[in-house]
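Just so you know, all these numbers are worked out from the coordinates, no wet-lab data involved. Everything numeric in this text was worked out from a predicted model, so none of it was measured. Cβ: placed from backbone, ideal geometry, glycine included. Neighbour counts: every protein chain shown.
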Amino acid sequence: MSISYSIQMETQPTEVTCGPTCLSGMYRFLGTPVSIDEIIQQVTFVKGGGTLGVHLGLDALNRKFDVQICTHNLQVFDPSWFSLEQSDIAQRLDAQTMTNKAVKTIEASFAYKDFIDEGGLIFWSELNTEFIYESLKIKGPFIAGLSATYLYWSKREFGEDCIYDDINGDPQGH
């Protein structure tokens, strides 16, 4: 059971541009080269740096790609939503923007609603070897967001300068 794709990746220009760098590599793979700098100029960044996968998805939708996001983000999505139609998920995301949730959750809710409104598809699937293999085999390569803290088994980081701090820090995306 082996699948391999040749994707030409460039070095990310800053600590917070891993998303645009991955997206640029994906566009190149799909035959639509877009520079990292162009993506950086057009993609929304969250406060404190970095992008959400949904922001990358919106960029791809704007370039007329079909985009699906498999999410496991329970800060934004209630598990009961995944049995609903996309329009119903969008309504719940819209309602969630009126709550007292964390600012990042509200921002993500707005972005996911826009993503659905623009024709993107949100779904949940059990994340296992079979899902990853079938996704790669049938749909091709994909961008996966994960915690760099977990991947590199490093300490959590604190502040905009990403100072290692196992007590006050937060896990870092990648």
Built amide H within the under 5 Å cut-off of Gly173, gap 5+: Ala148
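Once fully extended, how much extra length lies between His72 and Glu38, figured as 0.36 nm per residue of separation less the alpha-carbon to alpha-carbon distance? Could the numbers behind the result be given before it?
Details: separation 34, 0.36 × 34 = 12.24 nm, distance 2.87 nm.
Length gained, His72 through Glu38: 9.4 nm.
How do the peptides 29-37, 102-110 rank, highest first, by the average count of neighbouring beta carbon atoms within 10 Å per residue? Present the calculation step by step, with values, prior to reporting the outcome.
Details: 29-37: 13.8, 102-110: 16.4.
Listed from highest to lowest mean packing, they are 102-110, 29-37.
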Whole-Hz ³J(HN,Hα) from phi, Karplus 6.51 cos²θ - 1.76 cosθ + 1.60, for region 112-117, glycine and proline x: 5, 4, 4, 4, 5, 4
Distance in nm between pseudo-label sites at Leu127 and Glu10 (7 Å out along the Cβ direction from Cα): 2.8 nm
Ile122 long-range amide H proximity, modeled H, under 5 Å: Ile69
Cα-based Rg and Dmax for the chain, where Dmax is the largest Cα-Cα distance (Å): 16.6, 46
Whole-Hz couplings from phi, Karplus 6.51/-1.76/1.60, listed for region 36-49; x for Gly and Pro: 4, 4, 5, 5, 4, 5, 9, 8, 6, 9, 7, 4, x, x
